[in-house]
Amino acid sequence: SSVVLIEDCVETSGAFVIHHILKRALSPPSSSAVVLVSLSHPFSHYDRILRKLGCNLTAHRDNQRFFFFDMLMVDFAGQGDGNHSKGVLIELYAKIQKLVEDISSSCGSSKRITIILDDFSLIEVAANGSLNHSLDFLRYCYTLTSEFGCSLVILHHEDIYSAAESAALILQMEYLASVLIKAEPLATGLAADVHGQ
C-alpha cells in the first residue's frame, strides 16, 4: 500500500501523471482495479485521453476493473450549512469503502486496488471550505490503504491557497504520502517552438 501525492500549480497541470497511473494500473498483465473519484472532469474526458494512450476505460468499466464516481453533478451546497457537505463526504467515503470491500471479498488479496482523487482542492470546495472535513475525508481514505492494501493517488493544486491556510493541509498531505511528485513549470518558461508532438 502506498500514497502518491501529485502537487501541481496553475501554470503546470499534474493531470498527466493521473493518466499514466490509470494506464499502468489497467494494463493487460495487471489485474488491478481502479476507483476514480473525479471532481474536475466527466468520464468522457478520461475516456478520450486514455483511448489515445491505448486503454479503453469503457471496456474496463464493463469488466468491473474501473469504477468512476462523477462528483461534478453532486449538490454540495445543500442548505448552506457545513453539515450537509460533511454528510455528502461521509456518503462518498461509505460508497468507496463498500466498493473496496466488495472488490477485496470477491477477488481476495490477488487484486490490487488503486483509489484516485482528482482533485483534492475541489474536495475542500465541496466541504464548503472546511479544512477539517476535507482532512477527515482524506484520513478515512488513508485508512483503506492499511486495511485493504490499497494505493491512494491524490492530485492537489498547491498554489491556490494563501500561505497561512495552506501550511496545515499541505503538511498533512505530505506527511501521509509515501511518494511526492511535483509538477512545476520550466525555469526557462514556455517555448513557442515546443508543441508536444
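Values quoted throughout were computed directly from the atomic coordinates according to the rules given, and no laboratory measurement underlies them. From a predicted model like this one, the values you see are computed outputs, not experimental measurements. Ideal geometry is used to build each Cβ from the backbone, glycine not excepted, and the neighbour counts take in all protein chains shown.
The table below gives the values:
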| item | result |
| --- | --- |
| Alpha-carbon centroids, segment 27-55 and segment 123-163: separation in whole Å | 20 |
| Derived scalar couplings ³J(HN,Hα) [segment 169-177; Karplus, 6.51 cos²θ - 1.76 cosθ + 1.60; whole Hz; x for Gly, Pro] | 5, 5, 4, 5, 5, 5, 5, 6, 6 |
| Candidate lysines for bridging to K86, where Cα separation is under 28 Å - those fewer than 8 sequence places away on the same chain excluded | K95, K98 |
| Under 21 Å from K23, Cα to Cα: lysines that are on another chain or at least 8 residues apart | K52, K111, K182 |
| Cut-off 11 Å between beta-carbons: net charge of the residues surrounding L180, Lys and Arg +1, Asp and Glu -1 | -2 |
| Once the Cα gyration tensor of segment 1-152 is diagonalised, semi-axes √(5λ) in Å | 25, 19, 14 |
| Added length on full extension, which subtracts the Cα-Cα distance from 0.36 nm per residue, I181 to H45 | 46.7 nm |
